[in-house]
Amino acid sequence: MVREVDKKAIRKWRKRGFYSENVLVKLLQKNGYNAVRIPVSNPSLNPLPDVVARKGVHVYAFEVKNAGYYAYFPKQQIEKLFRFLDELIPLDREHKHAIVAAHLGKKWVFKEIKWKDWEAGKIPEKVRILKRDRGNFNPQS
């Protein structure tokens, strides 16, 4: 049986993720992307990202975390991004991008995970982003 305190904590945790996903959509739209939050994204095995965006011929699948100082992205969530792009987006791979996005207070850190790492089975068990990190993807460019 789930205690009432647990239910409240879970709702608060989910609201943080919802908030960050919406903030990311607005940030992307402000910078010329067509972007939407996938409302059915969930911790299941379905290959659905939190946010999908397009700019020109490029399509971006984002996994989003809201955290204070660091965020961890489990391998399973990263693999879902690649499955989504690979199975559902009919473009060449150079136009499809898997991005992990950490919303750390007022700061965003974005890290693109490379196709060659996924294809070679070299995705680590967890990808970590720290607040002091510099990402390798800039949505403002």
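Please treat every number below as a calculation from the coordinates, not as lab data. Keep in mind the model is a prediction, meaning the values are calculated, not measured. Here Cβ is always computed from backbone atoms with ideal geometry, including for glycine, and neighbour counts include all displayed protein chains.
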(request) Please specify each residue of the stretch 69-90 satisfying the condition of being touching a strand residue (DSSP E or B) at 6+ places or on another chain (Cβ under 6 Å) and of a type in the set (A, V, I, L, M). (result) 71, 78, 81, 85, 89
(message) As an exercise: evaluate residue 141 against (1) part of a strand (DSSP E or B); (2) exposed (fewer than 14 other Cβ atoms within 10 Å of the Cβ); (3) small (Gly, Ala, Ser) and give the number of the one condition it does not meet.
(response) (1)
(message) Go through the stretch 127-138 and report how many residues are touching a residue at least 24 places away in the same chain (Cβ under 8 Å) and exposed (fewer than 12 other Cβ atoms within 10 Å of the Cβ).
(response) 2
(request) Would you be able to say whether some residue in the stretch 38-47 is among the hydrophobic types (A, V, I, L, M, F, W, C) and more than 12 Å from the chain's Cα centre (by Cα)? (result) yes
